[in-house]
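Everything below concerns the one structure shown next.
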Amino acid sequence: MADECATASPGACRRESPHRMGYVKTIDPSGGGTSGTFGPRAGAFHIPSLDGIRAIAVLVVFVGHGYLAPAAWPGHVGVTIFFFLSGYLITTLLRREYAKTRTVSLRRFYLRRALRILPPAFLAIIVTVALGATGIVVSSTTGWGVLAEFLNYTNYYIVLFGRDGLPPESTQLWSLSVEEHYYLVVPAVLLVLFRRKLSVRAIGWILVVVASAVPVWRIYLGLTGASFDRLYVSTDTRIDSLIFGSAMALLLNPALGDRLPGGARTDWHVRRWIAPLAVVVFVAVALVPQLEFRLSIADTIQCLCLVPIFWYIIVHPHSTVGRILNHPVVQKIGALSFSIYLFHRLVLVLVDQSFITVPAVVDLVSLILTILLAQVVFVSVERPCGRLRKRLEYSLPLR
């Protein structure tokens, strides 16, 4: 996100293709150079392939909520990918800002986050409430449920009260709550650590320790009888994916010129077998059916797999995989992924209530309509808010 549009909640930013942004060459395989990372014509900061990853993540989630997918479809891993990506991109932008200005403007950060995420999210909430109130979709909405979504504590509402009372087909907003809680805390913590003159690597390793403590906490809660929702949607049990992404942004960030130990030779190993093996392990872990495994250490293993995967796709955008991820159609889906995520469950239900009865057709029509709706939201809400965000941002002081 040329501005700080790193929401992976699925929050996508609107980017041009790498070539139109001025991205010309791959990043130095050793990680030593960032040639091509910046768009010289637009002056924008662009990281290749991330919109493609967003597209994969949101499609995994969509299929998981659709009517055709087998019960074993691991739709939940799409959220893990979104979390890791958000942590990585947010921290990359904060690290870059601190390197340039020797500070992080929390005012500007929260302004960008609020105007990027809240308008489309609030629109989605209003639409679901309205459709529920008119009886178009089945609803058990209460004022407390609506308030939970507007105030971004949907996840803990679910833990305490279940899903009844929330606006219809909007329970996926629990993941947005996790991200918002991360945004509230982690940037301020990073600023404090930066000001204490800790090195970037030292802060990165602190984050690794914190993230590694979360699965231990999950295991403890599971052993003491915590519910599925307590383990699956709570911020304190899911924030590790975001923090692992943040740690990569500080310890091993090809977009900011970090080098692999061993340089180009290590990059060769990443390309040839480490990244492919990481994909295999990631998928294998995603397909393990045991809930005890999924709710304890599965996310941790998958986040470790995402490190070489992200390295590879960022450093090698012109590889076969990179060309797929940076294809204009794939990028467009990634750029719309936030609104797709917000509205996809509602659209699936509305299409299912129509005359269409074949599950595969319901899913396909729903996907097309969701993408079209996401484009409408982008043009009518996100783009104007983006322009307002830029105007307001420059009026705020750095400190």
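We did not get these values from a lab; they are worked out from the coordinates using the rules stated. If you're wondering where the values come from, they're calculated on a predicted model, not measured in any experiment. Reconstructed Cβ throughout: ideal geometry from the backbone, glycine too, with neighbour counts over all protein chains shown.
When restricted to residues that are in contact with a Pro (Cβ under 7 Å, 6 or more places away or on another chain) and at positive phi, segment 43-63 contains 1. Would you call residue 214 in a helix (DSSP H, G or I) and in contact with an Asp or Glu (Cβ under 6 Å, 6 or more places away or on another chain)? Answer is yes for this residue. When segment 210-252 is filtered for residues that are closer than 19 Å to residue 154 by Cβ, of a type outside the set (Ser, Thr, Tyr) and in contact with a Lys or Arg (Cβ under 7 Å, 6 or more places away or on another chain), only 231 remains.
I'm checking my understanding of the structure. Among residues of segment 375-399 that are small (Gly, Ala, Ser) and without any contact (Cβ under 8 Å) to a residue 40 or more places away in the chain, which one is surrounded by the most Cβ atoms within 10 Å (Cβ to Cβ)? Of everything passing the filter in segment 375-399, 380 is surrounded by the most Cβ atoms within 10 Å (Cβ to Cβ). Each residue in segment 69-119 was checked for being of a type in the set (Gly, Ala, Ser) and crowded, with 16+ Cβ neighbours inside 10 Å, and 6 pass. Of the residues in segment 233-247, at least one is over 14 Å from residue 304 (Cβ atoms), assigned to a loop (DSSP other than H, G, I, E, B) and of a type in the set (Ser, Thr, Tyr).
For residue 96, the stated conditions hold: it is part of a helix (DSSP H, G or I), touching a strand residue (DSSP E or B) at 6+ places or on another chain (Cβ under 8 Å) and either under 30 Å from residue 359 (Cα atoms) or touching a residue at least 40 places away in the same chain (Cβ under 8 Å) (or both). Just checking, does segment 300-307 include any residue being under 29 Å from residue 375 (Cα atoms), in contact with a Gly (Cβ under 9 Å, 6 or more places away or on another chain) and aliphatic (A, V, I, L, M)? Scanning segment 300-307, I find at least one residue that is under 29 Å from residue 375 (Cα atoms), in contact with a Gly (Cβ under 9 Å, 6 or more places away or on another chain) and aliphatic (A, V, I, L, M), so the answer is yes. Number of residues in segment 147-173 that are hydrophobic (A, V, I, L, M, F, W, C) and within 19 Å of residue 114 (Cβ to Cβ) equals 5.
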